[in-house]
Amino acid sequence: MSSILSILIASLISGIGVKIFDYYQHRALEKNKAQEVTVNTDKIAIDILAKAMETLNEQVVEPLREENKQSANNQKNILNELKKLRKAIERIPGCAHAATCPVSMELQNSNAAADTGAGTNNH
């Protein structure tokens, strides 16, 4: 009977040991799965952010960049036209027709109107 009791006690102890071992092994597996889920979640978040950045770049940044280039080109064209106008205006005094030049008269009339208007609007 003592040998049966010894066998039963040994079986009980080994069964408990196996259960404890299984518990720790299962806990380690669950911890690894949780880490994998965290890593996968981080990858998904990174992918979403990358797509959002790409969309932002395509729909906002590139059109603004193109608009900025067009504005810069327009500004250069306006500055070139102003340079031409300035050169033409600077040549008026040396022109033989300066006294009857319609452009010169228009500029003088515009300057006189601006001077008169500026003085009367001071309230």
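Please state which one of S2, S6 is more than 41 Å from the chain's Cα centre (by Cα), exposed (fewer than 10 other Cβ atoms within 10 Å of the Cβ) and without any contact (Cβ under 8 Å) to a residue 60 or more places away in the chain.
That would be S2, the only listed residue that is more than 41 Å from the chain's Cα centre (by Cα), exposed (fewer than 10 other Cβ atoms within 10 Å of the Cβ) and without any contact (Cβ under 8 Å) to a residue 60 or more places away in the chain.
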Could you say whether any residue in the stretch 24-38 is surrounded by 10 or more Cβ atoms within 10 Å (Cβ to Cβ), among the hydroxyl-bearing types (S, T, Y), part of a helix (DSSP H, G or I) and within 15 Å of the chain's Cα centre (by Cα)? no
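Each value in this text was obtained by applying a stated rule to the coordinates, not by laboratory testing. These numbers come from a predicted model, not from an experiment. Counting neighbours? That spans all protein chains shown, and the Cβs are built from the backbone with ideal geometry, glycine included.
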